[in-house]
1. Would you mind calculating the gained length between residue 59 and residue 212 on full extension (0.36 nm times residue separation, minus the Cα-Cα distance), in nm to one decimal?
2. From the C-alpha gyration tensor of the stretch 34-128, pull out the three semi-axes of the equivalent ellipsoid (sqrt of 5λ each), sorted largest to smallest, in whole Å.
3. Go ahead and run the numbers for FRET between residue 296 and residue 87, Cβ-Cβ distance against an R0 of 41 Å, rounding to 0.05.
4. Take the alpha-carbon centre of the stretch 103-166, take the same for the stretch 306-322, and report the distance between them in whole Å.
5. Peptides 109-118, 71-80, 259-268: what's the order by average Cβ count within 10 Å, highest mean first?
6. From the square roots a ≥ b ≥ c of the eigenvalues of the alpha-carbon gyration tensor of the stretch 75-228, which class results: rounded (a/c under 1.5), prolate (a/b over b/c), or oblate?
7. Quick check: Cα centre of the stretch 352-372 to Cα centre of the stretch 223-248, how many Å?
8. Roughly speaking, what is the stretch gain from residue 109 to residue 26, that is 0.36 nm per residue apart minus the C-alpha to C-alpha distance, in nm to one decimal?
């Protein structure tokens, strides 16, 4: 009997491991705006979109925006923009999501905005519009957040923000949450980033954990589109999951690696072929070259990598494998190098769920059991890359230099420290809920 109780206890602890470490949140909406997030759905130089949530008592909402000034009097010249409101319901639970797009903004200008209605308002948040021409910029890139978001992912995004306080935007490479329609997990994600989401524009791409099964069919989370206001310039039926944004001399492309890969391929080629920018970044969830053992995304690689090679994509930023891997000049075989192309492939993880690296290495630098964020800066023909641990240690670094008519040149700048490997104190292991379904 004692043995049976012991075995049941072990099974319970294993099943509840993710929840056991979660920080408590109250996900019930109120009349006060929350889950405020800044996105781009149009030209980042002249427009900005904001999305937020309230309870269903708020049926009409608006945003206000003004050029920011050191004097608090800037509030007197704020312009109003009526919000679009949609109702979200699930299992008898309801909320209103509001969104507004501020248009006609001046390039490279400091703005302040707030959202609300009547006498109930958010604080004022400040941001700067993009330059109308190529210019230097910096962004942060996160792999999977996914689990224990407020308890353990929060430290990663907060450390990243202290490290790169002038970041212009943030790329989230999928699996923002673990259960796609569990509202409390989304509450954790927004609470972990808090004002960061409202001030620094987010460019999210969906992971497999943003999908749920419904009558045997995979469906995007019912909370994905209500939470974000993203470009709708992708293929029909993939709105706000497959899209692109041009920012100060770079084209940033989000692909949806969860479904309809072949349908996205001609769209991707057209977007790459007509790209007027010197820099190109592509982000999606499932890696072209998997970093963890027992995984491979052959169909995706065969569909998209030839286009990355043909159009000299600079970097491909991915998640899913819960490890870190960075490789350069990779051919169509996992271990074969292609010396004529310069794309850099990165797989990273910002949350606590960790897996093992594969044995057959394609990567130049790898890591296990390590929460990371990446800071990427572009200035002229040079890209500076840093992969940092959640405690602010430099783990990987390089420069990528554009050469006229030639592949990019990669210059290693890493610390030279040993690669990090899993130990007995690893908190999370990959489980069956990380399969693509």
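Read-outs: derived from the displayed coordinates by stated rules, not from any lab. It should be emphasised that the depicted structure is a prediction, and the values quoted were computed from it without experimental measurement. Quick reminder, even Gly has a Cβ in these numbers, built from the backbone with ideal geometry, and neighbours come from all protein chains shown.
1. Details: separation 153, 0.36 × 153 = 55.08 nm, distance 2.88 nm.
Roughly 52.2 nm would be gained on extension.
2. Values: eigenvalues 129, 45, 19 Å².
Each semi-axis is √(5λ); the values are 25, 15, 10 Å.
3. Numbers: r = 41 Å, r/R0 = 1.01.
Efficiency, rounded to the nearest 0.05: 0.50.
4. 25
5. On the way: 109-118: 18.7, 71-80: 11.1, 259-268: 16.9.
Descending mean neighbour count gives 109-118, 259-268, 71-80.
6. On the way: a/c = 1.85, a/b = 1.28, b/c = 1.44.
Oblate, because a/c is 1.5 or more while a/b does not exceed b/c.
7. 30
8. Details: separation 83, 0.36 × 83 = 29.88 nm, distance 3.62 nm.
In short, 26.3 nm is gained.
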